[in-house]
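Here is the structure we will look at.
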Amino acid sequence: MMDRSKPVTKQPSSTTEIPLIVEMRGIVKRFPGVLANDHVNFELKRGEIHGLLGENGAGKSTLMNVLAGLYRQEAGTILVKGEPKVFSSPRDAIKSGIGMVHQHFMLVPSQTVTENILLGLDEPRFIMRLPDYDSKIAELGERFGLKVDPRAKIWQLSVGEQQRVEILKMLYRGVDVLIMDEPTAVLAPQEIEGLFTTLRAMIAQGKSVIFISHKLQEVSAIADRVSVLRRGVATASGVASKGVSRQELARLMVGRDVIFALDKKPCQPGDVVLDVRDIHAENDKGLPALRGLSLNVRAGEIVGVAGVAGNGQSELSQVISGMRECKQGQVLLDGDTVSNHSTLYGIQHGMAYVPEDRTHVGSAPNLSITDNVIMKKYRKPPILKNGLLDMKAATKLANELKQAYDIVVPNVSTPVRLLSGGNLQRVILAREISGLPSFMVAVQPTRGLDVGAIEGVHHLLLTQREAGAAVLLISEELEELLSLSDRVYVIYEGKIMGEVIVGGREQDEALVDTIGQMMTGTPLDQIQKEGVAAHG
Amino acid sequence: MDFTIILQAGIASGTVLLFATIGELFSERAGVLNLGVEGMMLIGAMSAFSATIATGNPWLGVMVAMLFAGLISQIHAFIVITLQADQVVSGLSLTFLGAGISLVLGEGLSKAGTVSLLPNFSIPLLTLIPILGKIFFTNQSVLVYVGYLLVPLSWYYINRTRPGLHLRAVGEYPSAADALGINVFRMRYFYVFVGGMLAGLAGATISLAVSPGWFSELTTGGQGWIAIGLVIFAQWDPIRAAVGAYAFGALRRLILDIQGPLLLLGFNNPFYYNPYLGFFLQMLPYLFTVIVLVIGSREAMRKRIGAPAALGNPYVRGERGK
């Protein structure tokens, strides 16, 4: 299908025989204070999977949002099948055969798969006979290997299935070019394989795919050609993926060689600090989210919780921190029951909490850095003085923390809503860590941060571990879990599927495979029985 | 006491609640909470009565009521959809505005005498059904029959048609609807207008059919608030809304009638001898409304009973990172 033996150079469009379906020339897009795309060129051939690589914030999604009609470029032209096009809405783009599947799905949870796919179409005119459309959609799914029940409501579907609905939505509209924005971020390893099969089926039927990702190995596994963006500039466009090494791609992405392994001292665990015993809890809808979950964390170790999003991770962290009712079972911190107590009770027993939602749970956006860092300390001297707040002492503390945690702002009276994600996370970590916790639960602490900030957060978590604190790290990034954790639990539908020891096996493919199987609901003992993976 | 007569009157009284409830239901399904129902009903009742006195044609009165209330609702629509202000505050002020306008413009109407009312009639064969025929199909106002039609039509429209699908999407997940080319703003304006028109119709139903006349703010007597409570009770479903509206209509009649006779089931009627007990009974529907509103305002509970997910939130287009 593709000539993969070509050398690793930029290929001018004139030398290719396969026609270009999309050509973007000199695209410029600005956001307040950011030049998101700086004269970017991009070319897509018919029938290829084109990987678009770049770090968070490199401008990949922006470029593709321009192509999908969501943003309007300030300069540059878009040609579809050789004709210049101006898109003023996603609808225009779809009419020209270009559809995008966003990272955050745009699906109405209370409606069925079919209803979601029909949404916004001109047909049917008025009366909707759903069964007719159900069978049409089932057929379409069959053709591309996208199995999903058309009558199911979206909220009943797994994230992987929801993604299939999004793809079907675009295929139903007859697009030729499908843009997938970070499609694997929400999937378990086995589901990723399924997605790849679908994408290959699509190109076999003459469609073209743009695959946006920041994960090198995925792009080199699936893409025929690769383009790389760094800080809004294309550092490579359309190089054949077989001819370029991962190291080289990484260098193109970040501009320097990435260190893949962290400097981690061997684990010396102490006593059990956090003991979660058979807890049950409900989610916001009143449906069971945790069903008899048990785990423990000892002093001086980082314990990871792996799992696909929405399997009870949020509820677990909320029950531990005291923000959600525990229906059954208990959470012990140093032998004291902290579940179903106030959050203050947990804090007084040495708990630190780095919540998933940085801007609303982790901080008060309109308050200053000072106000945010004293939130756990104002009840005690030196901040409390004669029953009042001593703002001088508070400012002094905030300045010390700003120094120690490398928070980059002109001064500490800045409202935290103005901080970047990385700086905000440092403010939160500064507050939590400076309370000298014996236990910390961190949920998705690096989500949306750039590489430098991620490194900083990882470093702080490892410092906690070396200081003898127990750390529970809940994350959807398997790589992050493997590089930081000493042990990893895998959560699936509110239960623990099994526990694996990581120490020294960060690069072990069999370990990743075992975790992947647990993430899709196979308990560890069953995996071992079947002898699929060699554990321990 | 003949209960079929009470229920028959209860259905008529419930029709007022039905129109207001279904109207608010459309508005809320599109994601806009409109607490101005009471004000819009007053506008409708006053303008229907006023226009009928002036022209002698009650049908014209109904149309004027729907149009006027619909237009007033667009003030709320502009404030919460375009200006993205708080829906609760704007809705409350719409109630005060509606009450104020109707009291000023309705000054003197209460002494204006009687008007020609909308016709009452029976449905030939259906009256023969034992008990139910008498309650539902005998000597009812034409608007009661309109109400019977409105319920299944609303349900079908919301659940089985393309515009209904779009309506639900706009109330549940407006950015998804917007991404697929649905004009969220226009849809919301439209359904707030529909809500206003139906509230106006509810007002006209009072002043031209159920208890004819204009008695200033006592005309509606807080039924707009009950309608808002009923929407939550109905879990945003027209069929349940109808059940609730008729039940409350019947309850209102029962409470009125129970204070009349000297004997009740062979005993001295305590509600006759002690009018304060009657006042207490009259309070019950509002107590229910308060309880439902309190329950319905809890975020977790709202999710559980199926409130439109975007209810109460202004839609802001193109926020980055969302």
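Suppose we look only past 49 Å in the calculated P(r) of the protein assembly as shown. What percent of the Cα-Cα pairs does that tail hold?
Values: 123400 of 367653 pairs.
Considering the protein assembly as shown, 34 percent of its Cα-Cα pairs are separated by more than 49 Å.
Positive end of the charge dipole of region A:110-242 (Lys, Arg +1 and Asp, Glu -1 on Cβ, about the Cα centre): tell me which of A:Leu199, A:Gln163, A:Gly141 has its Cα farthest that way.
Going by the charge dipole, the pick is A:Leu199.
Please compute the modelled spin-label separation between B:Thr4 and B:Ile239, points set 7 Å along Cα→Cβ, answer in nm with one decimal.
2.7 nm
Placing +1 on the Cβ of each Lys and Arg and -1 on the Cβ of each Asp and Glu in region A:295-337, which of A:Asn311, A:Leu333, A:Val297 has its Cα farthest towards the positive end of the resulting dipole?
So the residue we want is A:Asn311.
Can you list the residues, at least 5 places off or on another chain, whose amide H is less than 5 Å from the amide H of A:Met100, using H built in the peptide plane?
Result for A:Met100 returns A:Ile179.
Send over the Kirkwood Rh of chain B, from the inverse of the averaged 1/r over different Cα pairs, rounded to one decimal Å. Walk me through the intermediate numbers first.
Numbers: mean 1/r = 0.0495 Å⁻¹.
This gives a value of 20.2 Å.
Evaluate 2.2 N^0.38 Å with N set to the residue count of region B:5-123, then give the Cα radius of gyration divided by it. Write down the numbers at each step before the final one.
Working: Rg = 15.7 Å, N = 119, 2.2 N^0.38 = 13.5 Å.
After normalising by residue count via 2.2 N^0.38 Å, the value is 1.16.
With label points built 7 Å along Cα→Cβ from the Cα atoms of B:Ala54 and B:Leu103, find their separation and express it in nm.
With each label placed 7 Å out from Cα toward Cβ, I get 2.2 nm.
First measure r as the distance between the Cβ atoms of B:Thr161 and A:Asn41, then evaluate 1/(1 + (r/R0)^6) with R0 = 45 Å and state the FRET efficiency to the nearest 0.05. Numbers along the way, then the final one.
Values: r = 46 Å, r/R0 = 1.02.
It comes to 0.45.
Could you run the Karplus curve 6.51 cos²θ - 1.76 cosθ + 1.60 with θ = phi - 60° over region A:415-424 and give me ³J(HN,Hα) per residue in whole Hz, x for Gly and Pro?
Using θ = phi - 60°, the values come out as x, 5, 5, 7, 7, 6, x, x, 5, 4 Hz.
Nothing charged except the Cβ atoms of Lys and Arg (+1) and of Asp and Glu (-1): what's the magnitude of the dipole of chain B about its Cα centre? Round to the nearest 20 debye.
Values: 18 positive and 13 negative charges, 156 e Å.
I would put it at about 740 debye.
Under 5 Å between amide H atoms, partner at least 5 residues away or on a different chain: which partners does A:His349 have, H built in plane at 1.01 Å?
Hits under the 5 Å cutoff: none.
With both partners inside region A:427-512, how many of the DSSP beta bridges are antiparallel, as a percent to the nearest 5?
Details: 6 of 11 bridges.
The answer is about 55 percent antiparallel.
For A:Val28 and A:Met323 in one chain, what is 0.36 nm times their gap in residues minus the Cα-Cα distance, to one decimal in nm?
Working: separation 295, 0.36 × 295 = 106.20 nm, distance 4.49 nm.
That pair, A:Val28 and A:Met323, stretches by 101.7 nm at full extension.
Check each of the trypsin sites (Lys or Arg not before Pro) in region A:289-342 and keep only those in coil by DSSP with at most 12 other C-beta atoms within 10 angstrom; list them in order. Display every interim value, and only then the final one.
On the way: sites: A:Arg291, A:Arg298, A:Arg324, A:Lys327; in loops: A:Arg324, A:Lys327.
Qualifying residues, ordered by number: none.
Which residues make up the longest stretch of chain A that has no GluC sites (Glu not before Pro) in a DSSP loop with at most 14 other Cβ atoms within 10 Å?
On the way: sites that count: A:Glu17, A:Glu74, A:Glu325.
Within chain A, the longest run free of exposed GluC sites (Glu not before Pro) spans A:75-324.
Evaluate the charge dipole of region A:270-362 about its Cα centre and quote only its size in Debye, nearest 20, assuming +1 on the Cβ of each Lys and Arg and -1 on the Cβ of each Asp and Glu.
Values: 7 positive and 12 negative charges, 36 e Å.
Charge dipole of region A:270-362: 180 debye, to the nearest 20.
Taking 0.36 nm per residue of separation and subtracting the Cα-Cα distance, what length does fully extending A:Arg72 through A:Ser135 add?
Details: separation 63, 0.36 × 63 = 22.68 nm, distance 3.70 nm.
Between A:Arg72 and A:Ser135, full extension yields an extra 19.0 nm.
Which entries of A:Lys95/A:Lys207; A:Lys60/A:Lys136; A:Lys495/A:Lys529; A:Lys85/A:Lys136; A:Lys327/A:Lys495 have Cα-Cα distances beyond 22 Å here? It would help to have the intermediate numbers written out before the result.
Values: A:Lys95/A:Lys207 15 Å; A:Lys60/A:Lys136 34 Å; A:Lys495/A:Lys529 19 Å; A:Lys85/A:Lys136 31 Å; A:Lys327/A:Lys495 15 Å.
Among A:Lys95/A:Lys207; A:Lys60/A:Lys136; A:Lys495/A:Lys529; A:Lys85/A:Lys136; A:Lys327/A:Lys495, the Cα-Cα distance tops 22 Å for A:Lys60/A:Lys136; A:Lys85/A:Lys136.
What FRET efficiency comes out for the pair B:Asn139/A:Trp155, r = Cβ-Cβ distance, R0 = 45 Å, nearest 0.05? Let's see the in-between values first.
Values: r = 47 Å, r/R0 = 1.05.
Rounded to the nearest 0.05, the efficiency is 0.40.
Which value, in debye to the nearest 20, gives the size of the charge dipole of the protein assembly as shown about its Cα centre, when Lys and Arg are +1 and Asp and Glu are -1 at the Cβ? Let's see the in-between values first.
On the way: 78 positive and 76 negative charges, 294 e Å.
Roughly 1420 debye for the protein assembly as shown.
Could you put A:Thr184, B:Thr161 in order, starting from the residue whose Cβ has the fewest other Cβ atoms within 10 Å?
Lowest to highest Cβ neighbour count: B:Thr161, A:Thr184.
Say each of A:Gln268 and A:Thr463 gets a label point 7 Å from the Cα, pointing the same way as Cα to Cβ; how far apart are those two points in nm?
2.0 nm
Given a Förster distance of 30 Å, report the FRET efficiency between A:Asp278 and A:Glu509 from their Cβ-Cβ distance, rounded to the nearest 0.05.
Working: r = 33 Å, r/R0 = 1.10.
With a Förster radius of 30 Å, E is 0.35.
Determine ³J(HN,Hα), in whole Hz, for all residues of region A:375-385 in sequence, where each value follows from phi through the Karplus function 6.51 cos²θ - 1.76 cosθ + 1.60 and θ = phi - 60°; x replaces Gly and Pro.
Each residue's phi maps through the Karplus curve to give 4, 9, 10, 6, 7, 10, x, x, 5, 8, 9 Hz.
In bins 10 Å wide, starting from 0, what share of all Cα pairs of region B:84-224 does each bin hold, as a percent?
All Cα pairs, binned at 10 Å, distribute as 9, 27, 28, 24, 11, 1 percent.
If the reach is capped at under 19 angstrom between alpha carbons, list the aspartates and glutamates near B:Lys134, excluding any in the same chain fewer than eight residues apart.
B:Asp2, B:Asp257
Given A:Ser88, A:Ile127, A:Thr62, which one lies farthest toward the positive end of the charge dipole of region A:41-178, if we put +1 on the Cβ of every Lys and Arg and -1 on the Cβ of every Asp and Glu?
After comparing all options, I get A:Ile127.
Give me the aspartates and glutamates in straight-line cross-link reach of A:Lys396: C-alpha distance below 16 Å, same-chain residues under 8 apart excluded.
The qualifying aspartates and glutamates are A:Asp371, A:Asp406.
Find how many whole Å separate the alpha carbon centroid of region A:337-401 from the alpha carbon centroid of region A:62-112.
44 Å
Through the Karplus equation 6.51 cos²θ - 1.76 cosθ + 1.60, θ set to phi - 60°, convert the phi angles of region A:400-410 into ³J(HN,Hα) values in whole Hz; use x for Gly and Pro.
4, 5, 4, 5, 5, 9, 6, 8, 8, 8, x
A short reminder: the numbers here are calculations on the coordinates, not readings from a lab. If you're wondering where the values come from, they're calculated on a predicted model, not measured in any experiment. Every residue, glycine as well, gets a Cβ built from its backbone with ideal geometry; the counts of neighbours run over all protein chains shown.
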